[in-house]
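Data block below; observations after.
The values are calculated or read from the model by the stated rules, or taken from the named source; none is laboratory data. Quick caveat: nothing in here was measured; it's all calculated off a predicted structure. Neighbour counts are summed over all protein chains in view; Cβ atoms, including those assigned to glycine, are modelled from backbone coordinates with ideal geometry. Each accessible area value is taken on the protein alone, full model and side chains, heavy atoms only, with ligands, DNA and RNA left out. Shrake-Rupley method; radii C 1.70, N 1.55, O 1.52, S 1.80 Å.
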Amino acid sequence: MERVPHMNEFVKSHGLGNDYFVLDGSRISFALTPEVIKLLCDRNYGIGSDGILLLVPSARADFGLRILNPDGSEAEKSGNGLRIFAKYLYEHGHTDKKEFKIDTLGGVVSAELDVRGGRVPFVTVEMGTATFDSSLIPVKGEEREVVNEELRVEGEPLRFTAVSVGNPHCVVFTDNLDEGYTKMVGPLIETSDIFPNRTNVQFAKVVSEDRVEIMIWERGAGYTLASGSSSCAVAAACVKNGLTGRTVTVSMPGGELVIEIREDWSIRMRGAVEEVAYGTLSDDLIERIKTLGAE
């Protein structure tokens, strides 16, 4: 007999160390206000994660997805989040299809599951189309393609390429990757005045024609071991700047993704995903949520 999920049940998974937990919006007893999101994502007082994936209805796709950052803000798209969400939908009985569409703020995407023994270890996602158009990313200034421009951060000149893959990214190519530097400069770029909606930040080192290494400062989440949308943005920026071919392995501290950038700038991403745990939010945590006025 099919298991009926409990109220306030969650499933926690990670994509290359980038961890999210999934909630079914129809089966939670509280509102996901920014204060509640911050509590749930807190690694000491909550479940702890890089964000929340919320299953919601959709009028234009098989499933709807809201992506909630640990600072209480909402993201347009997440590659790792989409793979986690797709695995969740199949393994927890929401669909028996191996291909379906997911509606996000950053557009409708297609997911294709690699099913092995009833589990989904890999997911391929059609991530939409990359654009360098300043008005669509957005980036302040005259309308243009933002490719290899200069950005000054506390007086230091940096060359960057801005790209949107449904959410905004700033790619800085470098010969050296450093975690401390990423954590120091990433938030300064994220909140730079030239990015009206803030931006995700990637520092990228091109290793070969088909391989690039990156470190990530994620908008609303901070330093992140891996990011699918960041990997897509970096691969697109590499192709735009003539640094790699159109199929690129993107290596991050959390692992690797294979990204294909087609001639029309549409993006295909394939990578691993792994479930960590599932359970039910405790009565104690629900009581704490109530104190935040989120009943």
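Rounded to the nearest whole Å², what accessible area per residue is found for the range 241-295 with the 1.4 Å probe?
Values: 2950 Å² over 55 residues.
Ligands and nucleic acids excluded, the result is 54 Å² per residue.
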Relative contact order for the chain, counting Cα pairs under 8 Å that sit 6 or more residues apart, in percent: 20
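Taking a quarter of the surface of the convex hull around the Cα atoms of the range 1-60, what do you get in nm²?
Working: hull surface 23.5 nm².
Spelled out: convex hull of the Cα atoms, projected over all directions, averaged, 5.9 nm².
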Which label in [x] 32, 22, 17; [y] 70, 26, 13; [z] 32, 18, 18 gives the computed semi-axes √(5λ) of the Cα gyration tensor in Å: [x]
Calculated FRET value between LEU105 and GLU142, using beta carbons and R₀ = 22 Å, to 0.05: 0.25
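Quick check: at a probe of 1.4 Å, how many percent of the accessible area of the range 176-277 sits on carbon and sulfur atoms?
Details: 1860 of 3950 Å².
The value for the range 176-277 is 47 percent carbon and sulfur by accessible area.
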Partners for LYS87 among lysines (Cα-Cα distance below 23 Å; same-chain residues under 8 apart left out): LYS12, LYS77, LYS97, LYS98, LYS101
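Which FRET efficiency value, to the nearest 0.05, is calculated for ARG270 and GLU209 with the Förster distance at 25 angstrom and r the Cβ-Cβ distance?
On the way: r = 19 Å, r/R0 = 0.75.
Between ARG270 and GLU209 the formula returns 0.85.
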Furthest towards positive pole of dipole, ALA236, ILE189, THR174, structure part the range 173-236, Cβ charges: ILE189
Antiparallel bridges, percent of DSSP beta bridges restricted to the chain (to nearest 5): 85
Leading residue at positive end of dipole, the chain (Cβ point charges), from GLY25, MET252, GLY220: GLY25
Cα centroid separation, the range 172-217 to the range 231-295 (Å): 16
Protection proxy ranking, peptides 234-242, 56-64, 44-52, average beta carbon neighbours within 10 Å, highest first: 234-242, 44-52, 56-64
Carbon and sulfur %, accessible surface of the range 33-95 computed with the full protein complex present, 1.4 Å: 45
Cα centre as origin, Lys/Arg/Asp/Glu Cβ charges: the chain dipole, Debye: 400
